[in-house]
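A.B. asks: My questions all concern the structure below.
What follows is calculated from the coordinates using simple rules that are stated; it is not laboratory data. On a predicted model such as this, the values are computed, not experimentally measured, just so you know. So basically every Cβ, Gly included, is an ideal-geometry build from the backbone, and we count neighbours across all protein chains shown.
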Amino acid sequence: MDFVILSLVMLGIGVYGLLTNRQLLKVFISIELIATAATLNFVMLATSQGLGQAFLILAFSTDTAVSGVILALLVIVSKKYGTSDMGKIIQMLQDKGTSEDEVQ
Amino acid sequence: MMLEEFSAWLVWVIPLFASLFVPLIGKYSDKARNYFVVAIAAVTAALALSLVPSVWNGTGQALTTGSVSWLPGISAGVYIDPLSVLFTCLIGFFALIIAVYSIGYMKGEDGLSRYYYLILLFIGSMIGLVLADNMLQMFIFWEMVGLCSYALISFWYKPESIRAGVKVFIMTRIGDIALLAAIGILFLMFNTLSFRGVIDGIQTGGFNMDYMVIVAFLVLGGAIAKSAQLPLFTWLYSAMEAPTSVSALLHAATMVKAGVYLLARFILIFSVAPTLISALQPLWFPVIAWIGVLTAIVGATLALTTTDIKGVLAYSTVSQIGFMMAGLGAAIDGAASVGWFASLFHMVSHAFFEGLGFLLAGGIIHAIGTRDMRLMGGLRKAMPISFALMAIMIITTSGLPPFAAFFSKGLIITSVTDTGNLLQIILLYATTAITFAYVVRMFSLVFMGKESEHLQKQHVHEAPRVMLVPAFILAGFCIIWGLSEPLVASFMHVNLAEGLLGAFMNIETPIFLSLLIPTGLIAYYTYYKGYKGVRNVAAGKNPLSTLLNHAYFFDDAYNLIGKGLTGFSEGLTRVENALFGRYPDNAGTRVSHAADPGQATTLKRGPSSSFRNYVAAAVVGFILIAVLMILTGALGIGV
């Protein structure tokens with residue numbers, strides 16, 4: 001049961017981070033925490049021998065690839081908008097959207 | 001036996017594999033890329049058709065489940081039976097239609113390599129979904145079609161398209177979670193993921209009845225979200241931000257039918273145990289039927305009020321899928337019931353007439369550059385061919401004999417009548433009357449009357465031939481599909497009690513036709529004689545128009561939930577700042593809060609240093625957890 005508690009705690013931290021942060025990077029880390037908590041469950045609660053561990057390898061390799069892509073995107077976004085604050089970026093996009101509509 | 005297995009693999013592997021080459025070919029020549037996609041779609045359609053003879057001559061059971069081991073205990077395979085082949089043929093056929101149509105409709109757009117890549121990826125995933133022989137494979141493809149839908153809705157990178165794409169993705173995820181839970185419970189019970197294994201498990205009786213009922217309801221939850229049923233139907237209207245060709249393929253003909261496929265497949269699986277079917281009879285089937293009936297009438301009434309031409313077709317789709325659900329809910333004796341077949345038969349005829357509607361709407365939008373029906377009118381002179389085809393579409397949609405929906409919708413109403421729920425029957429008849437009203441309204445607003453000022457300013461032209469030919473083919477199927485009912489029944493290995501002529505003879509037809517007369521009269525007086533009564537009710541401020549203009553307040557309710565969550569998280573942020581505000585990272589937050597309330601964090605220390613720290617922390621965390629898991633796994637320490 002220890003692992004269930006650990007993954008629950010990780011899930012809790014991740015959700016807390018998602019709720020309180022608007023920095024894209026922190027949001028990303030929170031999401032990774034949640035995903036890792038899920039992977040932990042996969043491994044520890046696997047019923048047939050070896051399958052959970054096999055999934056762990058699969059999950060980690062895809063996770064790493066996804067992280068690479070997301071981090072690259074984050075760099076582009078923060079360079080383009082000069083900030084990595086979700087609220088500000090959404091605000092900018094919305095301002096841009098309304099101004100485009102006005103032109104049409 | 002070998003040949004079917006071979007083409008059943010190729011039919012979804014080829015589009016998936018070919019999708020990778022689309023960007024490469026697009027680098028050299030746009031024209032070559034377009035024809036490449038058409039060729040792949042044609043090959044897919046041909047392979048799908050090649051599955052038909054063996055199923056036709058078979059016994060109606062699954063022919064083969066050739067599978068390849070992937071991970072220990074998990075395999076990938078194909079499951080060939082009438083249900084999956086029916087869907088495969090429909091998807092392959094529509095893939096070809098849309099690939100040809102896209103050449104005309106998407107001409108000169110930016111990012112077409114991305115568009116065609118996603119279309120091929122979608123075709124492969126959708127066929128993979130219906131041909132999968134195990135639930136994990138089905139779920140992977142189930143998610144992939146959702147992803148393609150999201151990416152194609154946001155195709156034009158406009159803020160509202162992006163918002164619509166995200167909304168669709170999140171709303172359908174609710175159902176995905178339910179489906180995943182159902183798969184998990186089934187795996188725990190039978191220790192297998194394959195359909196064949198589950199069927200064997202149910203046949204031997206080694207299952208817990210209460211759990212099976214829960215599984216059935218979770219499956220229903222997955223189908224509701226994917227097929228845009230109450231209460232999660234609002235995403236389909238938002239999905240109309242997609243290019244019209246995508247709406248025709250994903251949001252009318254194939255992807256939204258995934259929920260219907262899922263329910264039909266699981267009813268087929270549950271049917272092997274009569275005790276299980278009788279356990280599901282008191283609650284599960286009536287719930288499906290009620291969801292279907294209520295969605296049908298809600299969708300039809302909303303189609304009556306929207307001014308967006310694609311919105312009418314979207315709500316019409318919602319309403320027609322409601323009919324299919326009502327048919328599945330009437331299948332209380334399992335897959336042998338008329339309702340099961342009626343639902344699938346209507347599924348195909350709906351794909352034909354709704355697809356035709358979308359193709360024509362695409363031509364109209366292409367010609368005049370707006371989706372607002374109030375800016376249209378009098379198009380019959382400028383677009384005579386679209387006018388004639390749209391007439392076929394509205395006759396089919398409203399279910400007039402002898403076109404496709406007359407037989408399929410009639411069969412659904414017959415099957416619901418057999419279950420004897422009077423209120424459901426009345427609501428279904430009311431829906432058919434409203435269906436007639438909304439298609440006539442759309443037709444009148446777009447093609448009849450005087451040309452609007454918006455149209456007089458521009459030169460309106462008929463859609464190009466490459467867009468009209470697919471529409472002609474679909475119109476042909478609208479006419480002949482209903483008459484092929486006995487052939488389809490023998491293909492599905494279903495025994496229908498009444499023949500083709502029976503549809504004209506039974507009691508439902510006169511009731512249904514007599515209902516159309518008052519509706520038609522109201523429409524005639526409103527749109528041709530200028531009678532103001534209905535318009536005043538629609539434009540005025542009364543409970544009915546408020547309810548319809550807000551789409552029954554479903555989206556408002558979801559927004560309230562969203563607002564509640566945002567408020568909760570903002571409160572939590574404030575608590576965190578109050579408690580931990582002295583730490584360096586959050587100090588920046590506090591300073592900027594003080595300077596400019598409502599705006600969050602500016603990074604004071606420069607992005608690069610904290611960036612590296614965070615990544616380092618994440619990597620260390622990853623490594624620690626990985627070491628922990630591998631160690632405990634190697635030492636055999638279980639939970």
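A.B. asks: Return one quarter of the surface area of the convex hull spanned by the alpha-carbon atoms of the protein assembly as shown, equal to its mean projected area, in nm².
C.D. replies: Dividing the Cα hull surface by four gives the mean projection, 34.3 nm².
A.B. asks: Okay, next question. Ignore the peptide's own chain and count Cβ atoms of other chains within 10 Å of each Cβ in A:64-75; give me the average, rounded.
C.D. replies: Neighbouring Cβ atoms belonging to other protein chains average 1 per residue here.
A.B. asks: Something else about it: Please state the relative contact order of segment B:285-549 as a whole percent: Cα pairs under 8 Å, 6+ residues apart? Walk me through the intermediate numbers first.
C.D. replies: Values: 390 pairs, mean separation 64.4, N = 265.
Relative contact order for segment B:285-549 comes out at 24 percent.
A.B. asks: Can you work out ³J(HN,Hα) from phi for every residue in segment B:131-142, in order, using Karplus 6.51 cos²θ - 1.76 cosθ + 1.60 and θ = phi - 60°, giving whole Hz and x for Gly and Pro?
C.D. replies: For segment B:131-142, the Karplus curve yields 9, 4, 9, 9, 6, 5, 4, 4, 5, 4, 5, 4 Hz.
A.B. asks: Starting from the Kirkwood radius over alpha-carbon pairs of segment B:282-354, derive D by Stokes-Einstein at 4 °C in a medium of 1.567 mPa s and give it in µm² s⁻¹.
C.D. replies: 105 µm²/s
A.B. asks: Calculate, axis by axis, the spread of Cα positions in chain B along the three principal axes, and write the results as whole Å, longest axis first.
C.D. replies: Extents along the principal axes: 75, 65, 55 Å.
A.B. asks: Right, here's the next one. Could you list B:Leu193, B:Leu411 in order of exposure, starting from the residue whose Cβ has the fewest other Cβ atoms within 10 Å?
C.D. replies: Neighbour counts put them in this order, fewest first: B:Leu193, B:Leu411.
A.B. asks: Further question on the same structure: Could you order the peptides B:239-245, A:90-96 from most to least packed, using the average number of other C-beta atoms within 10 Å per residue?
C.D. replies: B:239-245, A:90-96
A.B. asks: Right, next: Projected area of segment B:285-549, taken from the Cα convex hull and averaged over every viewing direction, in nm²?
C.D. replies: Over all viewing directions, segment B:285-549 projects a mean Cα-hull area of 14.0 nm².
A.B. asks: Tell me, what HN-Hα J-couplings in whole Hz come from the Karplus equation 6.51 cos²θ - 1.76 cosθ + 1.60 at θ = phi - 60° for each residue of segment B:340-357, using x for Gly and Pro?
C.D. replies: Rounded to whole hertz, the list is 4, 5, 4, 4, 5, 5, 5, 4, 6, 5, 4, 4, 5, 6, 6, x, 4, x.
A.B. asks: A further question follows. Please average, across the residues of A:50-59, the number of beta carbons from any other chain that are within 10 Å of each residue's own beta carbon, and give a whole number.
C.D. replies: For peptide A:50-59, the averaged partner shielding equals 3.
A.B. asks: With a Cα-only, solvent-free Debye model of segment B:99-139, what are the log10 I(q)/I(0) values at q = 0.18, 0.21, 0.26 Å⁻¹?
C.D. replies: -0.59, -0.68, -0.84
A.B. asks: Further, regarding this structure: Which of B:Lys381/B:Lys532; A:Lys80/B:Lys107; B:Lys450/B:Lys532; A:Lys26/A:Lys88; B:Lys158/B:Lys310 have a Cα-Cα distance over 20 Å?
C.D. replies: B:Lys381/B:Lys532; A:Lys80/B:Lys107
A.B. asks: Same structure again: In what sequence do B:His346, B:His459 fall when counting other Cβ within 10 Å, fewest first? The partial results should precede the final answer.
C.D. replies: On the way: B:His346 25, B:His459 8.
Going from sparsest to densest Cβ surroundings: B:His459, B:His346.
A.B. asks: Follow-up question, since we're still on this one. Return the sequence-ordered ³J(HN,Hα) values of segment B:283-292 in whole Hz as given by the Karplus equation 6.51 cos²θ - 1.76 cosθ + 1.60 applied to θ = phi - 60°, using x for Gly and Pro.
C.D. replies: Whole-Hz 3J(HN,Hα) from phi for segment B:283-292: 10, 5, 4, x, 5, 4, 4, 5, 4, x.
A.B. asks: Could you give the nm distance between label points at B:Glu160 and A:Leu58, where each point is 7 Å from its Cα heading toward the beta carbon?
C.D. replies: A separation of 4.1 nm, rounded to one decimal place.
A.B. asks: Evaluate peptide B:144-156: per residue, the Cβ atoms of other protein chains within 10 Å of its Cβ; return the mean as an integer.
C.D. replies: Numbers: counts 0, 0, 0, 0, 0, 0, 0, 0, 0, 0, 0, 0, 0.
So the per-residue partner count for this stretch is 0.
A.B. asks: Which ordering of B:Thr370, B:Thr172, A:Thr83 is given by a fewest-first count of other beta-carbon atoms within 10 Å?
C.D. replies: B:Thr370, A:Thr83, B:Thr172
A.B. asks: Let me ask something additional. Could you give the semi-axes, largest first, of the ellipsoid that matches segment B:318-404, computed as the square roots of 5 times the alpha carbon gyration tensor eigenvalues and rounded to whole Å?
C.D. replies: 33, 13, 9
A.B. asks: List the residues, sorted by chain then number, that are 5 or more residues from B:Asn134 or on another chain and whose placed amide H is less than 5 Å from its amide H.
C.D. replies: B:Gly77, B:Phe195
A.B. asks: On to the next question. Report, by chain and number, residues whose modeled amide H sits under 5 Å from the one on B:Ser67, excluding near sequence neighbours (fewer than 5 apart, same chain).
C.D. replies: Result for B:Ser67 returns nothing.
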